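Report on one structure; see the data block that follows.
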Amino acid sequence: MNKDQIAIYLNEHPEFFNEYPELLKKIKDIKDEDLPIEPMSTLSLADRIIKRVHDDKEHLKSKLEWLFEISRANEKIQEHLFEIERLVLTSTNLDQMVSQLQKEIPNRFGIPNVKVCLVKGSDHFLEDRLRQRYNGTLDEMVKFIGRETADSWFENGLKPVLRSEIKESEMFGPNHDDIQSEALIPIVAQNAMVGAIAFGSPNPFHFHDGLGTEFLERMADKIAIAINNILLIDQLKDQLVVDS
């Protein structure tokens, strides 16, 4: 149909607008001063469909590339984590384990400060025995805290604590003013907290609320196993000395 045929048809069939009331309303809204109306430079329906398909394709491509990037990053983290866990679980003494952590975590994850903490529990002589064994170097490796301090750090339960934009670190102390964000991960053995591992970063937003902590918690689980094994070995050594 040409334009004249369309005009004749609409003039003779006003009921046409019963099925397209929005078109009639649009026509009624046209004011005399707005005439003549310039042709609309919109895309045809086919063009709009093609454009939508193209946009969806580009969006899907970008999303897939993002997912692949996340997957590659996670694989790299898994590799680093596996190596750290292997070193920790094969450690036979406390200083070896802590030194491995303090060396490997900065190298592999770019977190410069690592501190292991042990809670003074039912074994009141644990700290004394360890100090005797490590000849005064214990303070360089671990920090002993009381149960009250531990409970204050994890007052919301045995969950990781992430702090950003901090002025002073509770775990590392005032001598580490370069630490502006930190993560405190509880070390849990037999449903009880036996210690904590802290990570400190000079980046104020390296650790923050909402950050995923699955990898850090997994590392803490392996450290709990390693510490338990090391303390058992130390107890056996002490027992052999006494028995002899």
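Read-outs throughout are calculated quantities, based only on the coordinates presented, and are distinct from any laboratory measurement. Keep in mind it's a predicted model, so treat the numbers as computed, not measured.
On a full-extension model of 0.36 nm per residue, what is the gain between GLU19 and LEU67, subtracting their alpha-carbon distance, rounded to one decimal in nm?
12.6 nm
So for region 53-243: antiparallel DSSP bridges make up what percent, rounded to the nearest 5?
The answer is about 80 percent antiparallel.
May I ask which of LYS76/LYS143; LYS103/LYS143; LYS76/LYS222; LYS25/LYS51; LYS120/LYS167 have a Cα-Cα span longer than 22 Å here?
Flagged as over cut-off: LYS76/LYS143; LYS25/LYS51; LYS120/LYS167.
Per-residue HN-Hα couplings for region 156-164, Karplus 6.51 cos²θ - 1.76 cosθ + 1.60 at θ = phi - 60°, whole Hz, x for Gly and Pro?
Listing the rounded values in order: 9, x, 7, 10, x, 10, 10, 10, 10 Hz.
Sequence-distant or interchain residues sharing an amide H contact under 5 Å with ALA189, placed H: which?
VAL194
How many angstrom lie between the C-alpha centres of region 51-70 and region 74-108?
37
Mind listing the phi-derived Karplus ³J(HN,Hα) values for region 183-192, rounded to whole Hz, using 6.51, -1.76 and 1.60 with θ = phi - 60°, and x for any glycine or proline?
In residue order, the calculated couplings are 10, 10, 10, x, 9, 10, 9, 6, 6, 10 Hz.
For ILE166, list long-range residues whose amide hydrogen, built 1.01 Å from N in the peptide plane, is under 5 Å from its own amide hydrogen.
Answer set, sorted by chain and number: SER181.
What is region 53-243 by shape, rounded, prolate or oblate, if you read a ≥ b ≥ c off the alpha carbon gyration tensor as root eigenvalues and call it rounded for a/c under 1.5, prolate for a/b larger than b/c, and oblate otherwise?
Note, shape of region 53-243 comes out prolate.
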